[in-house]
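The structure under discussion appears below in the form of structure tokens.
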Amino acid sequence: MESKLPDIGTTIFSVMSALANEVDAINLSQGFPDFPIDSKLKDFVQDALQKEQVQYAPMPGRLDLRQAIADKIFVQHGVVINPENEITISAGATQGIYSSIAAVVGKGDEVILFDPSYDCYDPTIRLHGGKAVHLKLKFPSFSIDWQEVNDAINENTKMIVVNNPHNPAGAVWNKEDLVELEKICEKHPSIFILSDEVYEHIQFNGEHQSVLKSELLRQRSFVTYSFGKTFHVTGWKIGYTVAPRQLTEELRKMHQFNVFCVNNTMQYALANYLNQTESWKEVLPLYSAKRSLFLDGLKASKFDALECSGTYFCLADYSAISDENDVDFAKRMTREFGVASIPVSVFYQDNTDNKVVRFCFAKQDETLQEAIDLLCKI
């Protein structure tokens, strides 16, 4: 049988996590927390089970959850989103991204990506007959060259995928970036935007520049979010996509034949959690402290930490330690020194190797301190 994705193997996240388990290393590779979630959220899960909230949810998601999301967005951005026809609950942000691309990308369409880019974008584009056009972010700032974007656009360009705050780079947008994207949409009215904003609450510098802040961009965009990233429940795989009514209608056509609906029990818990707490406001101070702990600790090592303005990842230059390629270095560091990371070259189409690895600091302070002690021995 001919493979639809012949060049796709096991993801680096699975590879590095498996290696960490094999050698009993501290896993700072895959982005998942190792600390307990809020007991209030656990209580709402138990309440859901007691109330038998265990059958199918509505295809677009529970309305109480969608209303809670709309209320949260209004508090954040002052933007009114219709929960009936502009929000869809997805099986993680990845499924929302998949359905968004599937909704508009077809054979011969081109989609602009910015490398280093998250690994689910390119395969999804290709599966639907599109072509991924990879542009590189400027290193080491990981900012966008907007002139390069303009030069890459042609009559086949259907979508631009943006990620802010950016995984794996930790870069964030400023207001000028939104303005540049607006200019492109004004000039090219047939282009759609997919904005991956799953780390919206983990931005350490400035104000989060969501595309929802722009009326022009909002009417052209699919915007994806993740409860897993916000409430430390990555294993629940629940996210949501915000899009104007017409785009939501097309997205739901993909969604209903992909997963149809998402875990009703957890949706009930999340709806009540959002309605009865403002815990999302506590995410930034939590990760600000962990970021400071990790970056301060690295100062005593031979690693050179790059600027980390958002997400719960930190990039570190290891060129003062080794001239190995980043994949080999990351694997050796896991085996010999007991700390697992992610080599950043895997996020580039051409495997650009800047001698940089990615560490996840969404861990208990004790875990981070133990990892720092080991990294300082390298």
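Coordinate-derived values only; no laboratory data. For clarity, every value in this text was computed on a predicted model and none was experimentally measured. Don't worry about glycine lacking a Cβ; one is built from the backbone with ideal geometry, like all the others, and counts go over all protein chains shown.
Taking the inverse of the mean reciprocal distance over all distinct Cα pairs, the Kirkwood hydrodynamic radius of region 231-324 comes to 17.4 Å. Within the chain, the proportion of C-alpha pairs whose separation exceeds 25 Å stands at 55%.
Using a 7 Å offset from Cα along Cα-Cβ at LYS51, what residues in region 211-231 end up with backbone N under 20 Å from the label point? The answer is none. If you look at the Cα atoms of region 1-81, you get an Rg and a Dmax of 20.1, 52 Å.
For every helix of n ≥ 4 consecutive DSSP H residues, a contribution of -39,500 (n - 2.57) applies; sum these over the chain, divide by its total residues, and give [θ] at 222 nm rounded to the nearest 500 deg cm²/dmol.
-11500 deg cm²/dmol
With charges set only on the Cβ (+1 for Lys and Arg, -1 for Asp and Glu), what does the dipole of the chain come to about its Cα centre, in debye to the nearest 20? It works out to roughly 680 debye. Between SER14 and GLN256, the C-beta separation translates, for a Förster distance of 25 Å, into a calculated FRET efficiency of about 0.30.
Averaging 1/r over each pair of different alpha-carbon atoms in region 55-277 and inverting the result gives 17.5 Å, the Kirkwood hydrodynamic radius. Over region 118-172, the fraction of Cα-Cα pairs per 10 Å bin, rounded to whole percents and listed from the shortest bin up, is 19, 51, 28, 1. All C-alpha pair distances within region 43-118, sorted into 5 Å bins from zero, spread as 3, 12, 14, 18, 18, 16, 11, 5, 3, 1, 0 percent across the bins.
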